Amino acid sequence: MTQIMYEISSYLEQQNIEGDDSLFLIDVNGVIWFCVSDGAGGTAGGKIASLSIVAEFEKCSKSQGCRNPENFEDLLRKLDSELARDPDSGEATAIVGKIEGGNVFGASVGDSEAWIFNREYEYQLTGLQNRKPLVGSGVAHPIGFGPMELELALLVGSDGLFNYTEMGSIKSTIKGDCAAADIAGLAKQATGKLQDDLSSILIRRKS
């Protein structure tokens, strides 16, 4: 069986030293694991929450766990409970998932977004997610997505990307030769400054 190959890239830039975005992306023997988490702004411990989510997800990728969307939902529920009991931790959005066998699946909570771009359409994988309560509240309700075939590209990012970028611009850029940094650049002001913390993951399937 021919292994499907991918080009992977990520970009993370904080608006200031107190930035709350975190991400993780890795290729493990042709299986792509991805995670974006954005700590709730204005709440104590948002950065701790986002870093904890990424750290736990990294452990999951090493153990090769989470074989379906329900497993990813369970992972986020577990993290929600653990972070809620941590007096130093706050709350955060989370998108966790992987690409295996040409299909993408995972689970999410919050207002970060994941989109697939196929030959004839684009689709928001996280369109049915619950924006609140967030992971760390103790009552988060993650929603799984997929599996869906990935024909061209997957884009995952925090609201710092999607709130300040037109989807038409994203689609046009993805059609060309680009990386996550190029997509992130679309959200920057003319001065090059960010309007929010920004994290971006781009995974492109090789033809």
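Since every read-out is calculated from the coordinates, none of them should be taken as a lab result. Since the model is a prediction, treat every value here as computed from it, not as a measurement. In this analysis, Cβ positions are derived from the backbone assuming ideal geometry, glycine residues included, and neighbour counts consider all displayed protein chains.
A straight Cα-to-Cα reach below 16 Å connects LYS206 with the aspartates and glutamates GLU7, ASP27, GLU100, GLU149, GLU151, ASP177, residues fewer than 8 places away in its own chain not being considered. For the peptides 25-31, 196-202, the ranking by packing is 196-202, 25-31, with the highest mean count of neighbouring Cβ atoms within 10 Å listed first. Legend: calculated FRET efficiency, LYS171 to GLU70, from the Cβ-Cβ distance at R0 = 35 Å, rounded to 0.05, equals 0.65.
Overall, region 6-205 carries a charge dipole of about 240 debye about its Cα centre when +1 sits on the Cβ of Lys and Arg and -1 on the Cβ of Asp and Glu, all other atoms neutral. State the label only: which of (i) 186; (ii) 131; (iii) 107 corresponds to volume of the Cα convex hull per residue in Å³ computed from the shown model? Matching entry in (i) 186; (ii) 131; (iii) 107: (iii). Applying 1/(1 + (r/R0)^6) with R0 = 22 Å to the Cβ-Cβ distance of ALA190 and GLU122 gives a FRET efficiency near 0.25. Which of rounded, prolate or oblate describes region 1-95 when judged by the alpha-carbon gyration tensor and an a/c cut-off of 1.5? Oblate.
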